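Input: a single structure, listed below in structure tokens.
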Amino acid sequence: MISAVAVALAFTAPVQAAGAATGNVLSVRDVYGMPGQIVTIYVDLENEDAVQNCDFKLVLPAVLSAPISVELTERKQDHELSWSLYEPDTYRFLILSWGKKTLPGNSGAILRITCQVGANVGTYQLLIQDAKAVNPAYENVLTGTRNATVTVYTAPAKVRIKTWLEGFHVLGLLRTDIRAASELPWTSPYPEAVRTASSLPTSIADWILLELRATADGPALQRQSFLLKNDGFLCEMDGSTTTLTLDMPPGTYWLVLRHRNHAAVMSATAQALNSTTAVYYDFILAPGQFYGGGGKALGGGYHAMPCGDISGEGSLTTVDYVAWYHRIMLSPAPGYHREDLNGDRLVNESDYSLWLNNARAGWDSRVP
């Protein structure tokens with residue numbers, strides 16, 4: 001067994017320079033939906049200071065129903081939520097910790113709200129008002145807010161996408177050992193886009209996450225989970241349909257693919273997607289298909305998503321090695337393990353070798 005200390009000394013991640021201060025910003029994400037759909041509104045907090053409590057109003061456009069459900073996200077400790085209708089179309093939300101706990105993390109959603117979309121197509125304002133973010137000293141440390149829009153459309157964008165996972169790849173196909181052993185979960189492993197399959201044919205290799213962006217370095221407009229077939233095509237929840245129906249209107253988007261133990265990749269250019277003919281984007285064909293040269297050559301002119309990003313942080317570092325090391329020390333039974341880089345259901349030295357080769361070669365995600 002390889003020592004965790006030895007590897008940490010031999011291969012230490014480079015020190016990253018600290019980014020510019022972002023302040024403490026409460027924001028709401030853009031929402032897209034068709035008439036009759038249930039959509040989720042995410043309220044995010046990006047904070048460089050400790051935040052214990054939040055208090056704000058959210059103005060919902062008339063095209064959205066009253067909230068169907070409201071819940072705190074994983075960014076909570078002993079926090080409790082109370083909310084009420086403040087005035088027509090305006091709701092007040094109060095997030096409190098009676099135990100004086102702070103919200104964990106420094107970015108991401110703190111609140112999820114679901115509503116039903118009405119019939120009127122168009123774009124509407126989604127506004128935050130009278131917001132406060134209170135630190136443990138009971139001071140309001142909020143430095144700003146960001147509003148959003150609700151876009152109601154009638155015809156969704158469509159796309160077809162093909163990719164390979166380096167670790168799973170064997171002779172032009174992706175391993176399906178996990179599915180063959182009935183260990184592939186029916187529900188996607190990505191909490192930001194949970195979906196449940198209606199069928200898991202034997203040709204399914206794993207789950208994959210598709211993210212759409214308006215700009216190369218911009219935030220995600222939408223994330224959707226899909227199944228990944230052994231031939232590399234993303235498919236719908238029936239396990240066979242490779243024309244993907246997106247929860248977005250037609251438009252021009254950058255395509256980002258994320259996998260639970262491979263480095264994320266992005267299309268080299270933005271793709272103009274429409275609702276009638278599905279644009280086909282094949283990542284495996286050439287290095288030029290990947291933004292920033294993020295695809296790893298497999299031989300024969302084909303390319304794949306590089307394996308080894310177990311932590312999902314974008315870089316292959318000792319953080320990923322330590323995750324593998326901790327897992328293997330538990331002597332896990334065969335199954336669905338994030339540390340299993342080659343998809344053979346086992347966590348062993350083969351997975352370590354894949355990570356080490358890519359880490360030494362400097363592979364990482366080139367997605368901004």
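Just so you know, all these numbers are worked out from the coordinates, no wet-lab data involved. Please read these numbers as outputs of a predicted model, since none were measured by experiment. Because the Cβ atoms are built from the backbone with ideal geometry, glycine has one as well, and the counts that use them run over all protein chains shown.
Here are a few things to note about the model shown:
- For Lys229, a cut-off of 29 angstrom between C-alpha atoms picks up these lysines, skipping any fewer than 8 places away in its own chain: Lys158, Lys162, Lys296.
- According to the Kirkwood relation over distinct C-alpha pairs, the hydrodynamic radius of region 24-152 is 14.8 Å.
- Net charge in the neighbourhood of Val170 (other residues with Cβ under 12 Å of its Cβ; Lys, Arg +1, Asp, Glu -1) is -2.
- Take the Cα of Asp89, step 7 Å toward its Cβ, do the same at Ala272, and the gap between the two points is 3.5 nm.
- Built amide H within the under 5 Å cut-off of Asp44, gap 5+: Ser27, Val28, Arg29, Ile110
- Each residue of region 249-255 was assigned a 3J(HN,Hα) from its phi angle through the Karplus curve 6.51 cos²θ - 1.76 cosθ + 1.60 (θ = phi - 60°); the sequence is x, x, x, 9, 9, 7, 9 Hz, with glycine and proline shown as x.
- Ranking of Leu316, Leu285 by neighbouring Cβ atoms within 10 Å, starting from the fewest: Leu285, Leu316.
- Gly167 long-range amide H proximity, modeled H, under 5 Å: Cys307
- Taking θ as phi - 60° and the Karplus parameters 6.51, -1.76 and 1.60, the scalar couplings of region 178-188 work out to 5, 5, 4, 8, 6, 10, 6, x, 6, 10, 4 Hz in sequence order, x denoting glycine and proline.
- Label-to-label distance, Asp49 versus Ser69, with points set 7 angstrom from Cα along the beta-carbon direction: 3.4 nm.
- In the chain, the longest principal axis of the Cα atoms and the axis of helix 318-329 are about 70 degrees apart.
- Cross-link reach list, lysines versus Lys57, counting only Cα pairs under 29 Å and skipping chain neighbours closer than eight places: Lys76, Lys100, Lys101, Lys132
- Surface/4 of the Cα convex hull for region 158-360, nm²: 10.7 nm²
- Rounded tilt (10° steps) of 349-360 against the dominant C-alpha axis of the chain: 70 degrees
- Loop trypsin sites (Lys or Arg not before Pro), region 90-153 (other Cβ atoms within 10 Å of the site Cβ: 16 or fewer; DSSP): Lys100, Lys101
- What the Cα convex hull of the chain gives, in volume per residue, is 153 Å³.
- Counting every other Cβ atom within 10 Å of each residue's Cβ, Leu127, Leu354, Leu273 order from fewest to most as Leu127, Leu354, Leu273.
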